[in-house]
Amino acid sequence: MTQTDIKDLTLDAARSELADLANKLSNANSKYHGDDAPNLDDATYDALKRRNTAIEDRFPQLKRKDSPSDQIGTSAQDGFGKITHAQRMMSLGNAFTEEDVTDFVQGIRKFLGLAPETPLAFTAEPKIDGLSLSLRYENGKLIHAATRGDGTTGEDVLANALTIGDVPHKLQNAPDLLEVRGEVYMSHEHFEALNTRQTERGGKTFANPRNAAAGSLRQLDAEITKSRPLRFFAYAWGVLSEPLADTQSASIERLSALGFQTNSLTKRFENAIELVEHYKSIEQQRADLGYDIDGVVYKVDDLAYQTRLGFRATTPRWAIAHKFPAELAWTHLEAIDIQVGRTGALSPVARLTPVTVGGVVVSNATLHNEDYIRGRDNTGDDIREGRDIRIGDWVQIYRAGDVIPKIKDVDLSKRPKDSVAFDFPKTCPECQSAASREEGDAVRRCSGGLICPAQAVERLKHFVSRGAVDIEGLGAKQVEMFYHDPMLSIREPSDIFTLKRRDAAQLTKLKNRDGWGSKSAEKLFDAIDERRNISFARVLYALGLRHVGSQSASLIARHYGSWSKFIDAMENAKGMEGAQWDELMSIDGVGTVMATSLVTSFKQESERASIQRLTDELNIEDAQAPDQTSPAAGKIVVFTGTLEKMSRAEAKARAETLGAKVSGSVSAKTDILVAGPGAGSKAKKAADLGIKTLDEDEWLELIAGL
Ligand code: IVH
């Protein structure tokens, strides 16, 4: 069903819809906060919330006493302490085809420079579909248990982990310091039993075992966790005071000997063909395992090789997850909603008749953009042989792992006779400003900027998100509620920091809301104050400017060092020419698109004023200069000729780890040329320019021990 346009709503229809929304949202709130078992996904919840506010804005006289806009809940995470992982918890790259697996193996051989006859062994094991947990043992005693969180910081769930039978409390003959990592999961049997129990009690049932495991581990009351039988497989480790063994397979055996459950399908193989055979065999056993798995993980067996291979930004080079194929299902497309994002992008979302796809109930799917709906890709070529997607269509849903479900196809033989092509809105559904599409951009954007409530809210959500300012107790749901709350009125990031000061009675106002006691309100103000000291990179990323992600923000911060220097540079670069513009463009990783986005944002009077109001509230720490202790730090290094001790890829990765920038060509800016046998024109050019030239051994000596 399509929703009535707000402007066409009658008073009666608006009143009854507000009642219905109040009911649905209050229901969703109690499910979310009460049982860690949401009955609505975030997108649906957000859409209902926005609809409620839009109706209230149009008919303020109809605002209910129990209006959902006035309700503030506590975040489910509030009760957990945070733990910074001593070693980051990484995720895994994915392989989907046999060719991807061969490429993975070949890539590793090449990186390590192995001759074809040199053996290279791997382990292959099921990828458990649960949630990862890191267990820290000191002198054999379990002292921390932390969820993955954002990889750097997780939640302290020690009390809950202690209730899991597979988690040893004490270890004998273990290294003094040992972090064991693995997956918490729930068996099919226990998942079914839990859902039956929940139904009998009128509680919320879980969509799949992974959600059930996550909901059960993240209970503030460990007694509840205890009543829900969770299991744990160990498959990796973090920091250690001494190595467990020389190989992955022997380390896993050692973990097993220490008392951990390890997966019996973990095996060691010598080549890609054997890995894929094992994958197929595991896939055949999948339905009978009694727990969910979503692929097979391959890991280089030799730990010395693992160390040499190291990590990319978030994934190891020495491991990969070979995923099982995506799941498909057919259902009805009931409506197409348009969501407005942080940068004004209008994103179409398919509302579906709920359907189970690979064990998960799906009721929303992304439709990407207007061209995708029309059956075109971004170069204008046909997709789905040009078949468009219409409301009322019978559509095929595609779901691969954690990826947002997509609509893959449409069955024209089932299309209703009276269906019409979808008319993509040309105005923003949230603020009615014009929504235009720039040339070459697949996305239509609202031109309303900060006057658009959806953009303003999305920006605030981004501002408080994990990689950004990350204020404890102030998550996406809370800022959205605060935004719509006329008393608190948080409209832009600076308002968060002036909240307490703006009005002495704020604390009382906050305190009297649902879910907020005076303690939690005070805690929130403390958490806000704690974030006033903040790094340059975080502030820049938190602003949510288009094309400026967290890595770019770090690069820019490191380049300018101080916020004031950066602001001056933006001011002087606004003509998009001259020395300051050239300097911005010279930063490695900053291209025209990002530079333009940066200067355009700072050029806009309202935007700059809003940023100024924010930075007036903050104490922005200077960015740290690169590690000067490394002789390679900040240096531009070029490799040429044949390297004999390591492959080009390994040499490059190692130099970058030490803070160097590796370039492909020699110029006056080059600091060091590493030349192996057969070096030609580059060596000559370096000699002409008087650039320091080292052979491979000299280079290795320079960086030895780092
Ligand atoms: S190894 C540095 N092995 O998959 C590599 N991960 O998509 C550490 N997972 O965050 C991970 N089964 O939660 C590894 N046998 C297995 C796994 C596994 C499940 C999860 C883990 C990880 C995610 C990455």
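The values are calculated or read from the model by the stated rules, or taken from the named source; none is laboratory data. Remember, it's a predicted structure, so these values are computed and weren't measured experimentally. A quick note on method: Cβ atoms are made from the backbone with ideal geometry, for glycine too, and the neighbour counts reach across all protein chains shown.
Pairs linking a residue in the stretch 120-137 that is of a type outside the set (A, V, I, L, M, F, W, C) and outside any loop (DSSP other than H, G, I, E, B) to a residue that is within 6 Å of the ligand (Cβ to nearest atom) and modelled with pLDDT of 95 or more, with Cβ atoms under 7 Å and 6 or more positions apart or on different chains, are GLU125/TYR235; GLU125/VAL297; LYS127/VAL297; LYS127/ALA321; SER132/GLU183.
When we screen ARG317, ARG312, ARG374 for residues that are farther than 26 Å from ALA213 by Cα, within 23 Å of the chain's Cα centre (by Cα), surrounded by fewer than 19 Cβ atoms within 10 Å (Cβ to Cβ) and among the charged types (D, E, K, R), the only hit is ARG312. ASP337 falls short on exactly one of the conditions (1) within 16 Å of the ligand (Cβ to nearest atom); (2) touching a strand residue (DSSP E or B) at 6+ places or on another chain (Cβ under 8 Å); (3) more than 20 Å from ASN94 (Cα to Cα), and that condition is (1). THR152 fulfils the conditions (1) within 22 Å of ARG88 (Cα to Cα); (2) buried (at least 16 other Cβ atoms within 10 Å of the Cβ) except for a single criterion, (2). Of the residues making up the stretch 266-292, just one is among the small types (Gly, Ala, Ser), in contact (Cβ under 8 Å) with a residue 12 or more places away in the chain and surrounded by 13 or more Cβ atoms within 10 Å (Cβ to Cβ), namely ALA272.
Results for (1) among the acidic types (Asp, Glu); (2) more than 12 Å from the ligand (Cβ to nearest atom); (3) farther than 30 Å from VAL105 by Cβ; (4) out of contact with any Leu (no Cβ under 6 Å at 6 or more places or on another chain), shown as yes or no for each residue.
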position: LYS141; (1), (2), (3), (4): no, yes, yes, yes
position: THR147; (1), (2), (3), (4): no, no, yes, yes
position: GLY151; (1), (2), (3), (4): no, no, no, yes
position: ALA174; (1), (2), (3), (4): no, yes, yes, no
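For the stretch 92-136, a residue qualifies if it is within 16 Å of the ligand (Cβ to nearest atom), polar (S, T, N, Q) and touching a helix residue (DSSP H, G or I) at 6+ places or on another chain (Cβ under 6 Å), and exactly one does: THR123. Counting only helices (runs of 4 or more DSSP H) that sit wholly inside the stretch 586-683, those with at least 1 residues that are modelled with pLDDT under 90 and farther than 30 Å from PHE463 by Cα are 648-657.
The residues listed here are THR343, THR353, THR331; of these, the one that is farther than 16 Å from LYS127 by Cβ, more than 15 Å from the ligand (Cβ to nearest atom) and within 23 Å of the chain's Cα centre (by Cα) is THR343.
Quick check on the stretch 657-706: of everything there that is loosely packed, with under 13 Cβ neighbours inside 10 Å, of a type in the set (Gly, Ala, Ser) and more than 37 Å from the chain's Cα centre (by Cα), which residue is farthest from GLU644 (Cα to Cα)? Looking at the filtered set, the residue picked out is ALA668. Among the residues of the stretch 280-323, just one is away from the ligand (no atom under 13 Å from the Cβ) and aromatic (Phe, Trp, Tyr), namely TYR305.
Can you find a residue in the stretch 456-468 that is of a type in the set (A, V, I, L, M, F, W, C) and surrounded by fewer than 19 Cβ atoms within 10 Å (Cβ to Cβ)? No, the stretch 456-468 contains no residue that is of a type in the set (A, V, I, L, M, F, W, C) and surrounded by fewer than 19 Cβ atoms within 10 Å (Cβ to Cβ). Residues that are under 30 Å from the mean Cα position of the chain (by Cα) and either among the polar types (S, T, N, Q) or within 16 Å of LEU450 (Cα to Cα) (or both) within the stretch 565-602 comprise SER586, THR592, THR596, SER597, THR600, SER601, PHE602, listed in sequence order.
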